[in-house]
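The values are calculated or read from the model by the stated rules, or taken from the named source; none is laboratory data. Quick caveat: nothing in here was measured; it's all calculated off a predicted structure. Ideal geometry is used to build each Cβ from the backbone, glycine not excepted, and the neighbour counts take in all protein chains shown. Surface areas here come from the heavy atoms of the whole protein model, side chains and all, with no ligands, DNA or RNA. Shrake-Rupley method; radii C 1.70, N 1.55, O 1.52, S 1.80 Å.
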Amino acid sequence: MHPEITPDLVLDTQGKTCPGPLLEVRRAAAGLAPGAVLLLLADCPGTEPDLRAWAQQTGRELLEVVRHADGGRAFYLRNGDPWPATAVLDMRGRACPAPLVEAERRLHGLAAGSTLKLLSDCTGLPDDLATWARSTGRTLLGLLPGPAGCDVAFIRG
């Protein structure tokens, strides 16, 4: 289990072979709200590439894969975005304050009321984001754990 990501649903498919885990994820995801997190436990070696392809094709997000000593894996999947984004800004690898400077620039180019999805691995982002949103009049819709340890912020301009 990942300490920072709380799943809304846990699906244990250990002992099942491919494409069984993917089929169960598809059924379960259809009943989840946008933005909900599903934790899939699986030990079939083909599950990871299947999930990656399916997530990319369906707008889901594979947040993290945790490998267990017994060969099993825990897959954290977000069931789409909780707020539809007009634009996406990937600032992973850029130190603060660059993510917020670029977010402000991008929001100026979007129509009023648009939503920007900002991905950042800057450790200061959560604290800086709240202050920046208040001082600029932007609305921070939410800050969620993202893929590979980054944060995902949804900001309305």
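Could you work out the helix-only [θ] at 222 nm for the chain, with each DSSP H run of four or more residues adding -39,500 (n - 2.57) and the total divided by the number of residues, to the nearest 500 deg cm²/dmol?
Theoretical 222 nm ellipticity from helices: -9000 deg cm²/dmol.
Which whole-angstrom value gives the distance between the alpha carbon centres of segment 19-65 and segment 70-118?
Here the two parts' Cα centres lie 20 Å apart.
How high is the relative contact order of the chain? Use alpha-carbon pairs under 8 Å, at least six apart in sequence, and give a whole percent.
Relative CO of the chain lands at 19 percent.
For segment 63-77, take each phi angle, set θ = phi - 60°, evaluate the Karplus expression 6.51 cos²θ - 1.76 cosθ + 1.60, and give the result in whole Hz per residue in order, putting x for glycine and proline.
6, 6, 10, 10, 8, 9, 4, 7, x, x, 9, 10, 10, 9, 10
How much length, in nm to one decimal, is gained on full extension between T139 and K16, taken as 0.36 nm per residue of separation minus their Cα-Cα distance?
Fully extending the segment from T139 to K16 adds 39.9 nm.
Give me, ordered by chain and number, the residues 5 or more places off R92 or on other chains with an amide H under 5 Å from its own placed amide H.
D121
Could you report the chain's accessible area per residue, 1.4 Å probe, as an integer in Å²?
Using a 1.4 Å probe on heavy atoms only, each residue of the chain averages 51 Å².
Quick one: length gained pulling R52 to D90 fully straight, 0.36 nm per residue minus the C-alpha distance?
11.8 nm
Using modelled amide H (1.01 Å from N, peptide plane; none on Pro or chain starts), what sits under 5 Å from the amide H of V10, excluding residues fewer than 5 places away?
Placed amide hydrogens put L39 under 5 Å from V10.
Classify segment 22-157 as rounded, prolate or oblate, taking a ≥ b ≥ c as the square roots of the eigenvalues of its Cα gyration tensor: rounded when a/c is under 1.5, otherwise prolate if a/b is larger than b/c and oblate if not.
Judged from the Cα gyration tensor, segment 22-157 comes out prolate (a/c at least 1.5, a/b above b/c).
FRET efficiency for D127 and L9, Cβ-Cβ distance as r, R0 = 30 Å, nearest 0.05?
0.45
Between A33 and S114, what FRET efficiency comes out of the Förster formula 1/(1 + (r/R0)^6) with R0 = 22 Å and r the beta carbon distance, rounded to 0.05?
0.50
How much of the accessible area of segment 1-144, probe 1.4 Å, is carbon plus sulfur, in whole percent?
Looking at segment 1-144 in its full context, I get 52 percent from C and S.
Place +1 on the Cβ of every Lys and Arg and -1 on the Cβ of every Asp and Glu in the chain, take the dipole about the Cα centre, and give the residue among A74, A85, P97 whose Cα lies farthest towards its positive end.
A85
With axes computed from alpha carbons, what is the tilt in degrees of helix 125-136 against the longest principal axis of the chain, rounded to the nearest 10 within 0 to 90?
Between helix and principal axis, roughly 40 degrees.
Charges at C-beta only: +1 for Lys and Arg, -1 for Asp and Glu. How large is the resulting dipole of segment 31-99 about its Cα centre, in Debye rounded to 20?
Magnitude of the dipole: close to 200 debye.
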